[in-house]
Amino acid sequence: MSISSDRYNHLLNKARSAKRGGHDAWAVQSTGEKVAVALALNHADWLSEYDYTLAEAIERAGQEWVAIIPQVARQLAEEDA
């Protein structure tokens, strides 16, 4: 398994957890995970708890996470279909 697929699976699992468990499941994640998961789940309201704008959240998540967020969001949407 490659590093990028490791990161993808990690973020996908964190996002699934937060999607199922809501804010409480999201709240126990690291700050970096919270930012990436909130972006993947389109929860700007969660980001506002840290006073992050969307631009700041993208910067905080970093290029590697930002590159996989759309794929994670699509996977979660497909799972709901």
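Each value in this text was obtained by applying a stated rule to the coordinates, not by laboratory testing. No experiment lies behind these values; they were computed from the predicted model shown. Cβ sites come from the backbone with ideal geometry, for glycine too, and all protein chains shown count toward neighbours.
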Quiz item: How many of the residues making up the stretch 40-75 are outside any loop (DSSP other than H, G, I, E, B) and of a type in the set (S, T, N, Q)?
Solution: 4
Exercise. For the stretch 31-38, indicate whether the set of residues that are more than 19 Å from residue 5 (Cα to Cα) and over 12 Å from the mean Cα position of the chain (by Cα) is non-empty.
Key: no
Self-check item: Qualifying residue in the stretch 17-30 (condition: surrounded by 13 or more Cβ atoms within 10 Å (Cβ to Cβ), touching a Ser or Thr at 6+ places or on another chain (Cβ under 7 Å), among the small types (Gly, Ala, Ser) and over 13 Å from residue 68 (Cβ atoms))
Solution: yes
